[in-house]
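Presented below is the structure to which this report refers.
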Amino acid sequence: NAGVTQTPKFRVLKTGQSMTLLCAQDMNHEYMYWYRQDPGMGLRLIHYSVGEGTTAKGEVPDGYNVSRLKKQNFLLGLESAAPSQTSVYFCASSLSREGEQYFGPGTRLTVT
Amino acid sequence: LAKTTQPISMDSYEGQEVNITCSHNNIATNDYITWYQQFPSQGPRFIIQGYKTKVTNEVASLFIPADRKSSTLSLPRVSLSDTAVYYCLVGDMIKAAGNKLTFGGGTRVLVKP
């Protein structure tokens, strides 16, 4: 049981490049989330999904897109990376809306 | 809006009990209170969740007074490995995000030898 895994762990992008972050969970959770955490700050919700085929905007969705084609996977895309998107990205999943969230190890993204 | 307020930081010593209070004056009737712990370079980890009175598990206790306008996370006999940031969350992340109130700044706990 791997829990929540994220790929890649680290990435450096140049401004304007695109990339996709992959999150996978093996707990059959309905809810999945993408957060970003800037240095010394709390987490901010980017997008979330309440089930396969659904996505919704969180607190800071601009510049990001997501897809949940399979229940176990939640993809976060950056179409045109900007230095302001330099951050650590965490994925999480939960069985219910108020239930315990299980977080992945994070992806450290630097945009130069 | 169930805005939460926590102390920015707290220092303690090994073996002591650490109590972190979170204020949430506008908590809604159906909101649960959840605490997470985060170590550097790791994702947050669930500690405990409660609705009212007292909840205890193997790592912490959560005290919630009758008016539910605050809650206190109690970590008994802390060790150096309890040095982390602790976040109080009221309600759920989806509701909180809609109100621009996801995880707050958290409380940075430093346990000294």
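The residues A:Leu13, A:Leu76, when put in order of fewest to most other Cβ atoms within 10 Å, stand as A:Leu13, A:Leu76.
Computed from the alpha carbon atoms alone, the convex hull of the protein assembly as shown holds 117 Å³ per residue.
Normalising by residue count, chain B has a Cα convex hull of 91 Å³ per residue. Ordering B:Gly91, B:Leu62, B:Ile33 by the projection of their Cα atoms onto the charge dipole of chain B, which places +1 on the Cβ of Lys and Arg and -1 on the Cβ of Asp and Glu, puts B:Gly91 at the extreme positive end. Between A:Val12, A:Gly40, A:Thr107, the Cα set farthest toward the positive side of the dipole of chain A (charges on each charged residue's Cβ, about the Cα centre) is that of A:Val12.
Listed by chain and number, the aspartates and glutamates whose alpha-carbon sits under 17 Å from that of B:Lys69, ignoring those within fewer than 8 places in the same chain, are B:Asp31, B:Asp92. The relative contact order of segment B:8-69, computed from alpha carbon pairs under 8 Å that lie at least 6 residues apart in sequence, is 25 percent.
Could you give the size of the charge dipole of the protein assembly as shown about its Cα centre, using +1 on the Cβ of each K and R and -1 on the Cβ of each D and E, expressed in debye and rounded to the nearest 20? Walk me through the numbers on the way to the answer.
On the way: 22 positive and 17 negative charges, 65 e Å.
Value, rounded to 20: 320 debye.
Among A:Phe10, B:Phe39, which comes first, second and so on when ranked by fewest other beta-carbon atoms within 10 Å? Write out the running numbers ahead of the final one.
Numbers: A:Phe10 9, B:Phe39 13.
Listed from fewest to most nearby Cβ atoms, that is A:Phe10, B:Phe39.
For an R0 of 35 angstrom, estimate the FRET efficiency from the Cβ-Cβ distance between B:Ser23 and A:Arg108 and round to the nearest 0.05. So the FRET efficiency works out to roughly 0.60. Computed on chain B, with alpha-carbon pairs under 8 angstrom and 6+ residues apart, the relative contact order is 37 percent. What range in chain A is the longest one free of GluC sites (Glu not before Pro) that are in a loop by DSSP and have at most 15 other Cβ atoms within 10 angstrom? The answer is A:1-51. Listed by Cβ neighbour count within 10 Å, with the fewest neighbours leading, B:Thr83, B:Thr29, B:Thr34, B:Thr5 appear as B:Thr29, B:Thr5, B:Thr83, B:Thr34.
Return a whole-number percent for the relative contact order of chain A, with Cα pairs under 8 Å and 6 or more residues apart as the contact set.
Averaging sequence separation for qualifying contacts and normalising by length gives 36 percent for chain A.
Each stretch of four or more DSSP H residues adds -39500 (n - 2.57); spread over every residue of the protein assembly as shown, this sum gives -500 deg cm²/dmol at 222 nm.
Only the Cβ atoms of Lys and Arg (+1) and of Asp and Glu (-1) were treated as charged; on that basis the dipole of chain B about its Cα centre amounts to roughly 280 debye. Over 17 Å apart: what share of the alpha carbon pairs of chain A falls there, rounded to a whole percent? Looking at chain A, the distances longer than 17 Å represent 48 percent of pairs. A Förster radius of 30 Å combined with the Cβ-Cβ distance from A:Ala2 to B:Phe39 puts the calculated FRET efficiency at roughly 0.95. In a DSSP loop and with at most 13 other Cβ atoms within 10 Å, the trypsin sites (Lys or Arg not before Pro) in segment A:1-101 are A:Lys9, A:Lys14, A:Lys70.
No value in this document is a laboratory result; all are computed from the given coordinates. Remember, predicted model here, so these are calculated numbers, not experimental data. Cβ coordinates were reconstructed from backbone atoms using ideal geometry, including for glycine residues, and neighbour counts include every protein chain displayed.
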